[in-house]
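A quick write-up on the structure given underneath.
Every number in this text was worked out from the coordinates using simple rules, so none of it is lab data. Owing to the predicted nature of the structure, the values given are computational and were not obtained by experimental measurement. Here the Cβ positions follow ideal geometry from the backbone for every residue, glycine too, while neighbour counts run over all protein chains shown.
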Amino acid sequence: VTEEQLLGSLLQRLHLREAPVLDRANVERLAIPAHVRAQYVALLQRSHGDRSRGK
Amino acid sequence: RFSQNFREVAGRFLVSEADRHLLVFGMEQRLPPNSELVQAVLRLFQEPVPKAALHRLSPRSTRALVTIEWLRVRDDGSNRTSLIDSRLVSLHESGWKTFDVTEAVNFWQQLGRPRQPLLLQVSVQREHPGPQPSSAHKLVRFAWQGTPGAGHGEPQLELHALDLEDYGAQGDCDSEAPVTKGTRCCRQEMYIDLQGMKWAENWVLEPPGFLAYECVGTCQQPPDPLTSKWPFLGPRQCIASEMASLPVIVSIQEGGRTRPQVVSLPNMRVQKCSCASDGAPMPRRLEP
């Protein structure tokens, strides 16, 4: 996986043309709510389980 | 039958309707564990058609279509077939006819029931379906249709497999040993530091980085006679055969507010490296 592939996949998923430039102050105030973190952890655990076919 | 490194299996003739035959091959221990099936060939011996019958043939019907299907018998007794191979055979010819049944053996492997035999249904049809009557295809006879147990010309299954001890990957690389030209295909740690990427700043909140892994090393190539038999196969390469997705948390700006969102990125982490040939058919998945 290259940096370009990673960025490309993220932009494709979010239907964006380029990476947004966000204000640090906004982000630093941002707390990740429990339900979002729970969703993230669940996906992380499931991704170790799901096996895509690869190339 | 004639070579040490080809495994052949003699089959048994089970039942026959006019132009449909069911073959049974015992498969137990035919394919060693940790081996990769590269090709399976079904060999049927076509008997010569009696000359008198040949003379009565109309010029339009000198060939017949032989079709091989894999027969799957479910636990509830129902069964279904999958088309595996078919080819035209000439009524004027006789001898061994070969069919590629690799996919049937792949399906049998996916069943995960080594003691269950491989069932192949052979049907012989007219070359040209259509309203005009023709029974020329009934003249196609295979050796097993003669006296049972005669022992000659029984259907045979050739299995060509590579031992993955020699031709496969070795799992994860030895982190102590440097990767050299002689290193066998393996999965090597590769960490992607998202915090070091300018575009991710203030945008990707989690993870700060992740182990993506990569496949390195080389694969041993099959011996020459094998490759000459499969000209369409490229060299065996070390590739990522199983991938996993990567969830990330990004900050999204909507209506003047910033909120976190989880996104899953497919095929971002290598789970397994394997040796595979470019051009090798990807086995169809068995439907549940």
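Of note:
- Diffusion coefficient, µm² s⁻¹, Stokes-Einstein with Kirkwood Rh over alpha-carbon pairs of the protein assembly as shown at 20 °C and 1.002 mPa s: 87
- Counting only other chain Cβ atoms within 10 Å of each residue's Cβ, the peptide B:190-200 averages 3.
- Loop trypsin sites (Lys or Arg not before Pro), the stretch B:68-123, which have at most 11 other Cβ atoms in a 10 Å radius of their Cβ (DSSP): B:74, B:115
- Relative contact order of the stretch B:170-288, taken over Cα pairs closer than 8 Å and 6 or more residues apart, is 26 percent.
- Each of the GluC sites (Glu not before Pro) that DSSP puts in a loop and that has at most 14 other Cβ atoms within 10 Å breaks chain B; the longest unbroken stretch is B:190-288.
- Computing FRET efficiency as 1/(1 + (r/R0)^6) for residue B:24 and residue A:45, where r is the C-beta to C-beta distance and R0 is 51 Å, gives about 0.70.
- Fully extending the segment from residue B:180 to residue B:78 would add 31.4 nm, taking 0.36 nm per residue of separation and subtracting the current Cα-Cα distance.
- Length-normalised contact order of chain B in % [C-alpha pairs under 8 Å, at least 6 apart]: 19
- Prolate/oblate/rounded call for chain A, Cα gyration tensor, a/c under 1.5 rounded: oblate
- By the helix-only formula, in which each DSSP H run with n ≥ 4 contributes -39500 (n - 2.57) and the sum is divided by residues, chain B has a 222 nm mean residue ellipticity of -2000 deg cm²/dmol.
- Amide H contacts of residue B:209 (H built 1.01 Å from N, under 5 Å, at least 5 apart or other chain): B:194
- 19 Å cut-off, amide nitrogen to a point 7 angstrom out along residue B:172 Cα→Cβ, residues in the stretch B:254-288: B:268-275
- For the stretch B:10-99, convex hull of alpha carbons as volume per residue, Å³: 145
- Long-range lysine pairs (8 or more apart or interchain), the protein assembly as shown, Cα under 25 Å: 8
- q = 0.14, 0.16, 0.18 Å⁻¹, the stretch B:208-288: log10 I(q)/I(0) [Debye, one scatterer per Cα]: -0.70, -0.80, -0.89
- Rg/Rg_globular for chain B, with Rg_globular taken as 2.2 N^0.38 Å and Rg from C-alpha atoms: 1.40
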